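The values are calculated or read from the model by the stated rules, or taken from the named source; none is laboratory data. Computed from a predicted model, the values in this text were never measured in an experiment. Glycine also receives a Cβ, built like all others from the backbone with ideal geometry; neighbour counts cover every protein chain displayed. Accessible surface areas use protein heavy atoms only, side chains included; no ligands, DNA or RNA. Shrake-Rupley method; radii C 1.70, N 1.55, O 1.52, S 1.80 Å.
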Amino acid sequence: MEKILISACLYGNKVRYNGSDLKLEQCDLDRLNEVATLIAFCPEVAGGLPTPRPPAEILPADGDKVLEGTAVIRNTTGIEVTEAFVTGAQQALALCQQHKIKYALLTESSPSCGSSLIYNGNFEGQKIEGQGITTALLRRAGIEVFSQFTLSTLLERLTAPAKNENHE
Ligand code: SF4
(Lines give C-alpha, C1' and ligand atoms only; values in the text may rest on other atoms or scores of the structure.)
Protein backbone atom coordinates (compact mmCIF):
# COMPACT_ATOMS: atom_id res chain seq x y z
CA MET A 1 0.00 0.00 0.00
CA GLU A 2 1.28 3.47 -0.94
CA LYS A 3 2.45 5.68 1.93
CA ILE A 4 1.34 9.33 1.96
CA LEU A 5 2.86 12.18 3.93
CA ILE A 6 -0.03 14.27 5.28
CA SER A 7 0.13 17.61 7.06
CA ALA A 8 -0.48 16.86 10.72
CA CYS A 9 -3.13 19.59 10.92
CA LEU A 10 -5.10 17.98 8.07
CA TYR A 11 -4.91 14.72 10.00
CA GLY A 12 -6.49 16.45 13.00
CA ASN A 13 -3.50 17.31 15.17
CA LYS A 14 -3.78 20.74 16.79
CA VAL A 15 -0.40 22.00 15.58
CA ARG A 16 -1.30 25.16 13.64
CA TYR A 17 0.17 28.52 14.67
CA ASN A 18 -3.00 29.27 16.67
CA GLY A 19 -3.25 25.83 18.24
CA SER A 20 -6.05 24.66 15.96
CA ASP A 21 -6.27 21.92 13.33
CA LEU A 22 -7.69 21.82 9.81
CA LYS A 23 -8.90 18.24 9.98
CA LEU A 24 -10.25 16.78 6.77
CA GLU A 25 -13.81 15.50 6.73
CA GLN A 26 -13.80 12.08 8.40
CA CYS A 27 -15.18 10.51 5.20
CA ASP A 28 -12.15 11.83 3.29
CA LEU A 29 -9.74 10.49 5.92
CA ASP A 30 -11.54 7.15 5.83
CA ARG A 31 -11.26 7.03 2.02
CA LEU A 32 -7.56 7.84 2.20
CA ASN A 33 -7.00 5.22 4.86
CA GLU A 34 -8.61 2.63 2.58
CA VAL A 35 -6.06 3.17 -0.16
CA ALA A 36 -2.92 4.40 1.60
CA THR A 37 -0.97 4.45 4.82
CA LEU A 38 -0.97 8.00 6.19
CA ILE A 39 2.08 9.43 7.92
CA ALA A 40 1.18 12.67 9.71
CA PHE A 41 3.93 15.26 10.05
CA CYS A 42 4.21 18.96 10.89
CA PRO A 43 7.40 20.55 9.53
CA GLU A 44 7.15 23.62 11.74
CA VAL A 45 6.84 21.64 14.97
CA ALA A 46 9.58 19.25 13.76
CA GLY A 47 11.74 22.28 13.11
CA GLY A 48 11.51 23.23 16.77
CA LEU A 49 8.76 25.85 16.78
CA PRO A 50 6.22 25.86 19.63
CA THR A 51 2.42 25.63 19.38
CA PRO A 52 0.88 28.13 19.48
CA ARG A 53 3.38 30.38 17.69
CA PRO A 54 3.19 33.72 15.90
CA PRO A 55 2.17 33.31 12.24
CA ALA A 56 5.02 33.58 9.75
CA GLU A 57 5.31 34.51 6.08
CA ILE A 58 7.97 34.22 3.39
CA LEU A 59 9.42 37.39 1.86
CA PRO A 60 9.65 37.42 -1.09
CA ALA A 61 6.86 34.85 -1.10
CA ASP A 62 8.50 31.82 -2.69
CA GLY A 63 9.62 28.62 -0.97
CA ASP A 64 12.20 27.99 -3.70
CA LYS A 65 13.85 31.32 -2.95
CA VAL A 66 14.22 30.33 0.71
CA LEU A 67 16.04 27.18 -0.40
CA GLU A 68 18.25 29.32 -2.63
CA GLY A 69 18.97 31.74 0.23
CA THR A 70 17.30 34.74 -1.41
CA ALA A 71 14.17 34.88 0.77
CA VAL A 72 13.62 34.76 4.51
CA ILE A 73 10.76 33.76 6.78
CA ARG A 74 9.72 36.12 9.57
CA ASN A 75 6.94 35.97 12.09
CA THR A 76 4.64 38.80 13.11
CA THR A 77 7.04 39.85 15.87
CA GLY A 78 9.74 40.45 13.25
CA ILE A 79 11.87 37.50 14.35
CA GLU A 80 13.43 35.49 11.54
CA VAL A 81 12.49 31.81 11.73
CA THR A 82 13.98 30.65 8.43
CA GLU A 83 16.28 28.09 10.06
CA ALA A 84 13.44 26.30 11.85
CA PHE A 85 11.40 26.14 8.63
CA VAL A 86 14.37 24.79 6.65
CA THR A 87 15.06 22.18 9.34
CA GLY A 88 11.41 21.08 9.27
CA ALA A 89 11.42 20.84 5.48
CA GLN A 90 14.59 18.75 5.54
CA GLN A 91 13.06 16.42 8.13
CA ALA A 92 9.94 16.05 5.98
CA LEU A 93 12.10 15.07 3.01
CA ALA A 94 14.13 12.62 5.13
CA LEU A 95 10.89 10.99 6.31
CA CYS A 96 9.66 10.70 2.72
CA GLN A 97 12.93 9.14 1.61
CA GLN A 98 12.92 6.74 4.57
CA HIS A 99 9.43 5.51 3.66
CA LYS A 100 9.86 5.79 -0.14
CA ILE A 101 6.94 8.25 -0.24
CA LYS A 102 5.93 9.53 -3.69
CA TYR A 103 2.86 11.62 -2.75
CA ALA A 104 2.21 14.25 -0.09
CA LEU A 105 -1.08 15.89 0.94
CA LEU A 106 -0.20 19.24 2.46
CA THR A 107 -2.18 22.21 3.74
CA GLU A 108 -2.78 24.95 1.18
CA SER A 109 -1.45 28.50 1.80
CA SER A 110 0.97 27.61 4.62
CA PRO A 111 4.54 28.99 4.35
CA SER A 112 5.69 25.39 4.87
CA CYS A 113 2.97 23.28 3.27
CA GLY A 114 1.30 25.52 0.65
CA SER A 115 1.38 24.07 -2.85
CA SER A 116 -0.23 26.69 -5.12
CA LEU A 117 -0.91 29.74 -2.95
CA ILE A 118 0.92 31.41 -0.06
CA TYR A 119 0.60 34.76 1.71
CA ASN A 120 2.51 37.60 0.11
CA GLY A 121 4.94 38.16 2.98
CA ASN A 122 3.56 41.47 4.20
CA PHE A 123 0.97 40.12 6.67
CA GLU A 124 -1.81 41.75 4.66
CA GLY A 125 -3.95 38.63 4.33
CA GLN A 126 -3.19 38.62 0.60
CA LYS A 127 -2.43 35.33 -1.10
CA ILE A 128 -0.38 35.01 -4.26
CA GLU A 129 0.71 32.09 -6.41
CA GLY A 130 3.56 30.25 -4.76
CA GLN A 131 4.54 27.31 -2.63
CA GLY A 132 5.86 26.78 0.87
CA ILE A 133 9.38 25.69 1.65
CA THR A 134 8.54 22.06 2.53
CA THR A 135 6.54 21.72 -0.68
CA ALA A 136 9.39 23.23 -2.69
CA LEU A 137 11.92 20.80 -1.20
CA LEU A 138 9.70 17.74 -1.70
CA ARG A 139 8.95 18.71 -5.30
CA ARG A 140 12.67 19.10 -6.01
CA ALA A 141 13.00 15.48 -4.91
CA GLY A 142 10.26 14.37 -7.32
CA ILE A 143 7.50 13.97 -4.75
CA GLU A 144 4.05 15.05 -5.97
CA VAL A 145 2.36 17.47 -3.59
CA PHE A 146 -1.42 17.83 -3.37
CA SER A 147 -3.57 19.99 -1.09
CA GLN A 148 -6.92 19.49 0.61
CA PHE A 149 -8.42 21.17 -2.47
CA THR A 150 -6.90 18.64 -4.88
CA LEU A 151 -7.61 15.60 -2.73
CA SER A 152 -9.80 14.02 -5.41
CA THR A 153 -6.89 14.12 -7.87
CA LEU A 154 -4.66 12.38 -5.33
CA LEU A 155 -7.31 9.71 -4.74
CA GLU A 156 -7.57 9.15 -8.49
CA ARG A 157 -3.80 8.80 -8.67
CA LEU A 158 -3.80 6.30 -5.80
CA THR A 159 -6.58 4.13 -7.20
CA ALA A 160 -5.62 4.22 -10.90
CA PRO A 161 -2.91 1.49 -10.66
CA ALA A 162 -5.36 -0.88 -8.97
CA LYS A 163 -7.87 -0.31 -11.78
CA ASN A 164 -5.19 -0.96 -14.37
CA GLU A 165 -4.21 -4.20 -12.64
CA ASN A 166 -7.81 -5.38 -12.84
CA HIS A 167 -7.65 -5.10 -16.63
CA GLU A 168 -4.48 -7.13 -16.97
S1 SF4 B 1 3.44 23.47 9.06
FE2 SF4 B 1 2.05 22.32 7.76
S3 SF4 B 1 1.42 20.61 9.09
FE4 SF4 B 1 2.28 22.16 10.43
S5 SF4 B 1 0.53 23.38 11.09
FE6 SF4 B 1 1.43 24.41 9.30
S7 SF4 B 1 0.23 23.64 7.58
FE8 SF4 B 1 -0.12 22.24 9.30
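State the Cα centre-to-centre distance between region 33-82 and region 128-155 in whole Å.
Each part reduced to its Cα centre gives a spacing of 14 Å.
What is the extension gain from Leu67 to Glu25, computed as 0.36 nm multiplied by their sequence separation minus the C-alpha to C-alpha distance, in nm to one decimal?
The span from Leu67 to Glu25 would gain 11.8 nm if fully extended.
Would you pull out the residues with amide H under 5 Å of Gly47's amide H, same chain only if 5 or more places away, H placed 1.01 Å from N?
Gly88
For the pair Asn122 and Arg140, how long in nm is the line joining their label points, each one 7 Å along Cα→Cβ?
2.8 nm
Taking only C-alpha pairs under 8 Å that are 6+ residues apart, what is the relative contact order of the chain in percent?
Dividing the mean separation by the residue count of the chain yields 22 percent.
Please identify the DSSP H helices in the chain that span no less than 18 Å along the helix axis (Cα) and have a mean Kyte-Doolittle hydropathy of 1.6 or more.
Sorted by number, there is nothing, because no helix extends far enough and scores high enough.
Determine the per residue accessible area of region 53-137 with all protein chains present and a 1.4 angstrom probe, expressed in square angstrom.
On a per-residue basis, region 53-137 sits at 45 Å².
What is the spin-label model distance, in nm, from Lys100 to Thr159 if the labels are put 7 Å beyond Cα along the C-beta direction?
2.5 nm
Ignoring any ligand, DNA or RNA, what whole percent of the accessible area of region 1-95 comes from carbon and sulfur when the probe is 1.4 angstrom?
51 percent
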